[in-house]
Amino acid sequence: MKYWWLGKYKNLEVKMLPALFSDIQYFLTVPKNYIKIYEKIQDTSVSLLLEEEMCIVLYRISVTKNVKDSKIVQIIDRLLSIPDTSLPISDYSLLEMLEEIGHLRLKKATVEKLDYSNVAACYTCLNVFYIDKIKKSNKKGQCICPFCGRNTLYLDSDLIPMNYSFLFLSKIFHGISSLGCDFLKLQKIIKKGLFVCNSVDCSTSSFVSIPEDFLQYFNQFQTRKIHGEDEAKILKGFHDSLDSINQAGIYEGTILFHWDSEKNLFEIGYLLILVCMSSLINFFYLKRIVIVTDNPMLLKELNTILKVFSKKRPLIKKIFN
């Protein structure tokens with residue numbers, strides 16, 4: 001299901017609300033004028049709301065904390081019935097992905113392209129959807145995302161990957177972080193704040209506590225392939241673990257990462273680096289992350305991935321200048 005993260009709230013209780021509101025803020029991105037849209041649809045029956053409208057209502061509830069009626073439960077039930085829209089993970093190398101990401105702004109989803117396209121992806125709200133949802137365009141003929149109201153769409157006819165981690169990385173590169181920086185400036189933050197090694201000084205860092213239920217889910221990838229729908233779950237699991245350090249007002253966190261398998265080394269390393277990058281550029285307190293692993297092959301993969309992001313390579317300069 002597309003909104004898998006709502007599954008644990010199907011039988012919603014009051015004590016679950018803080019976690020639900022936090023998840024809504026993490027997963028949903030709404031238009032800047034969402035309040036005006038909400039005011040128009042707030043009295044509409046849930047059964048008549050479009051998917052993107054339900055997301056706006058859910059987001060508004062998470063902001064106002066107003067859960068007096070049963071609307072939130074009805075919306076959760078309806079969203080849970082929407083099929084999964086995640087796409088297969090691309091076989092692009094990291095440098096190939098960066099090159100495609102650099103070209104995204106040149107490959108806008110225009111109205112003319114809709115005639116020979118089927119699926120659209122947005123690298124602001126990370127939604128993937130059929131083009132029949134697109135109803136608006138700007139003065140330049142660029143399609144507007146129905147979920148977030150931005151013109152950061154591209155189409156399957158552009159032949160660019162549309163899996164979740166690719167969109168996640170695209171958002172880091174092209175988006176503006178909570179620090180107000182573009183990626184070239186964020187490279188300095190990453191270079192100063194993200195490290196990988198095979199040992200740690202226990203006296204200078206707080207260890208990131210990873211929940212046992214997430215570890216059980218995560219460890220299955222030592223033996224099976226990571227599919228498209230797994231990427232968002234892995235990123236969210238590590239995000240929550242790092243956020244617990246940030247919420248405690250701690251400056252440095254260490255992830256002890258035990259990995260016995262030779263399987264999924266790039267995929268795991270890539271997702272782990274992604275979530276660390278996102279945390280460093282968006283968290284208020286956590287400014288230094290150390291990843292410690294006893295697997296020499298994974299250590300090598302992590303270092304290789306990190307160098308691509310942190311070094312001032314001509315390719316990245318060319319893409320973003």
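The values are calculated or read from the model by the stated rules, or taken from the named source; none is laboratory data. Given the structure is predicted, the values throughout are model-derived calculations rather than measurements. Cβ: placed from backbone, ideal geometry, glycine included. Neighbour counts: every protein chain shown. The protein model used for the area step is the full one, side chains on, heavy atoms only, and it has no ligands, DNA or RNA in it. Shrake-Rupley method; radii C 1.70, N 1.55, O 1.52, S 1.80 Å.
Annotations for the structure displayed:
- Looking across region 130-146, the residues that are open to solvent by 10 Å² or more (accessible area, probe 1.4 Å) and under 23 Å from the mean Cα position of the chain (by Cα) come down to Y130, I131, K133, I134, I144, P146.
- For region 106-129, the tally of residues that are under 28 Å from Y26 (Cβ atoms), surrounded by fewer than 19 Cβ atoms within 10 Å (Cβ to Cβ) and hydrophobic (A, V, I, L, M, F, W, C) stands at 1.
- Which listed residue, of F266, F238, is in contact (Cβ under 8 Å) with a residue 12 or more places away in the chain and crowded, with 20+ Cβ neighbours inside 10 Å: F238
- Residue match in region 89-109 (condition: under 19 Å from the mean Cα position of the chain (by Cα), under 16 Å from L50 (Cβ atoms) and outside any strand (DSSP E or B)): no
- Matching residues in region 230-263 - criterion: being among the aliphatic types (A, V, I, L, M) and farther than 18 Å from Q216 by Cβ: L242, I245, A248, I250
- Filter result (among the polar types (S, T, N, Q) and surrounded by 16 or more Cβ atoms within 10 Å (Cβ to Cβ)) within region 42-69: S62
- Residues located in region 73-85, provided they are surrounded by 15 or more Cβ atoms within 10 Å (Cβ to Cβ) and not in a helix (DSSP H, G or I): T85
Quick grid of which residues meet (1) surrounded by 12 or more Cβ atoms within 10 Å (Cβ to Cβ); (2) farther than 24 Å from L235 by Cβ:
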position	(1), (2)
M1	yes, no
W5	yes, no
P31	yes, no
K40	no, yes
K71	yes, yes
L87	yes, no
